Amino acid sequence: MSTPSALGYRMPAEWEPHRATWLSWPHKEASWPGKIARIWPVYAQFVAELARSEPVHINVNDAQMEAEARRYLEAAGAAGAIHFHMRPTNDAWCRDHGAIFVRRDEPGGGEIAATDWGYNAWGDKYPPYDLDNQVPGFMAEYLGVPRFAGGMILEGGSIEVNGAGLLLTSEQCLLNPNRNPNLSRDQIEQRLCDFLGIAKILWLGEGIIGDDTDGHIDDIARFVARDTILTAVEEDPHDENYPILQENLARLHQMTDQHGNPLNILTIPMPPPIIYEDQRLPASYANFYIANKVVLVPFYNHPNDQRSADVLQQCFPDRRIVGLDCTDIIWGLGAWHCLSQHIPQ
């Protein structure tokens, strides 16, 4: 079988036009122990903001869950094209269990395809995940698009692309033996190139403290333009994230694109440590989600909230920047980007 790359497909950048955003309604109490009832109202606000930007598709387990979701969405004032699907899931992290889409650009238009990778709940940390593994195939079938099986474990939150051949990831995650122990670094790189239309892989080191995904890139560094990366920095030299993020920043300053051109590196501050039940949570402003008309940013009731919003407004002057309180959401160890998957036009 020809690979997506050989067929002319590439993974678009997140800021390129979306057909829709796909979500999985939160329902796993073990992901937010003691807090899941506080998750639903703010999650509904998230959906309401998305629906003002583009169509939204939501996986639910059954009719009762759909009815409950509709009640929260109505209370949040959600309107627009919101589509529910009876597609049971194990958990809510659609960035990681959803399909990763690629696009083939053609004169007068183009077409998309789904890449379907294995998912093992971040190194078999949270079984079961059998239902989540069925989501990409369902998405491809519903959308009526080709589906390509990637043949290795890969979560959407572990990779970041500029839409023009560059992919950014972390060694801590993609080279972790709990993902693909039988594949070498070169073999992993080759699959990313073959299935996502990538020309060059950029490797950072480790992710932030408290991140149970083993260093997902969407908590540390994001493309905001084809030649520009926005990376999180910790300003307190005594914070345990400080050396980790300084190391990544130093690597970024040495990186070039596939043509040897240097990249523009911008920085975004970190929020203060968020501690709950003696656990450091992976709070980061880098876990923003870029929709067609809006950028949704995790906020943490701190002055750095507005600082991060100001940086993102400069990066995306034609989009509204909306901050939504994630102080409860982050107890699930992820935020807005982790919870959403974009479907390109």
Item checked: Qualifying position, being among the β-branched types (Val, Ile, Thr), farther than 20 Å from ILE208 by Cα and without any contact (Cβ under 8 Å) to a residue 40 or more places away in the chain, among ILE265, ILE290, ILE321, ILE275 -> ILE321
Next item on the list: Spot the failing condition for GLN246; the list is (1) surrounded by fewer than 16 Cβ atoms within 10 Å (Cβ to Cβ); (2) in contact with a Ser or Thr (Cβ under 6 Å, 6 or more places away or on another chain); (3) over 30 Å from ILE112 (Cα atoms), and only one is missed.
Entry: (2)
Next item on the list: Specify the residue that is nearest to PRO282 (Cα to Cα); the eligible residues are those in the stretch 122-157 that are touching a residue at least 24 places away in the same chain (Cβ under 8 Å) and acidic (Asp, Glu).
Entry: GLU155
Note to self: So the check is Cβ under 7 Å with 6+ separation or different chains; which pairs have a first residue in the stretch 1-14 that's closer than 12 Å to PHE148 by Cα and a second one that's hydroxyl-bearing (Ser, Thr, Tyr)?
What the structure shows: PRO4/THR115
Check: Within the stretch 32-46, can you find the residues that are within 18 Å of the chain's Cα centre (by Cα) and among the charged types (D, E, K, R)?
Finding: none
Note to self: I need every pair where a residue in the stretch 296-314 that is crowded, with 19+ Cβ neighbours inside 10 Å and at pLDDT 95 or above has its Cβ under 9 Å from the Cβ of a residue that is in a helix (DSSP H, G or I) and polar (S, T, N, Q), sequence separation at least 6 or different chains.
What the structure shows: VAL297/SER308; PRO298/SER308; PHE299/GLN306; PHE299/SER308
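Let's see how each residue does on (1) closer than 25 Å to TRP331 by Cβ; (2) among the β-branched types (Val, Ile, Thr); (3) surrounded by fewer than 20 Cβ atoms within 10 Å (Cβ to Cβ):
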residue	(1), (2), (3)
ILE39	yes, yes, no
VAL47	yes, yes, no
VAL56	yes, yes, no
HIS97	yes, no, no
PRO107	no, no, yes
GLU111	no, no, yes
Check: Going by the conditions given, is TYR119 touching a residue at least 24 places away in the same chain (Cβ under 8 Å) and surrounded by fewer than 21 Cβ atoms within 10 Å (Cβ to Cβ)?
Finding: no
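On the given criteria, is GLU234 crowded, with 18+ Cβ neighbours inside 10 Å and acidic (Asp, Glu)?
Criteria met by GLU234.
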Check: How many of the residues making up the stretch 95-125 are farther than 27 Å from ALA164 by Cβ, of a type outside the set (Asp, Glu) and out of contact with any helix residue (DSSP H, G or I) (no Cβ under 8 Å at 6 or more places or on another chain)?
Finding: 3
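Determine whether ASP212 is assigned to a loop (DSSP other than H, G, I, E, B), farther than 30 Å from PRO317 by Cβ, in contact (Cβ under 8 Å) with a residue 60 or more places away in the chain and of a type in the set (Asp, Glu).
Working: assigned to a loop (DSSP other than H, G, I, E, B): yes; farther than 30 Å from PRO317 by Cβ: yes; in contact (Cβ under 8 Å) with a residue 60 or more places away in the chain: yes; of a type in the set (Asp, Glu): yes.
Against the criterion (assigned to a loop (DSSP other than H, G, I, E, B), farther than 30 Å from PRO317 by Cβ, in contact (Cβ under 8 Å) with a residue 60 or more places away in the chain and of a type in the set (Asp, Glu)), ASP212 qualifies.
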Next item on the list: Could you please let me know if ALA75 is over 27 Å from TYR126 (Cβ atoms) and crowded, with 20+ Cβ neighbours inside 10 Å?
Entry: no
Next item on the list: Give the residues of the stretch 1-43 that are among the polar types (S, T, N, Q), out of contact with any Gly (no Cβ under 6 Å at 6 or more places or on another chain) and either farther than 23 Å from GLY77 by Cβ or assigned to a loop (DSSP other than H, G, I, E, B) (or both), sorted by residue number.
Entry: SER2, THR3
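The values are calculated or read from the model by the stated rules, or taken from the named source; none is laboratory data. Predicted model, so just to flag it, every value in this text is computed and none were measured. Cβ sites come from the backbone with ideal geometry, for glycine too, and all protein chains shown count toward neighbours.
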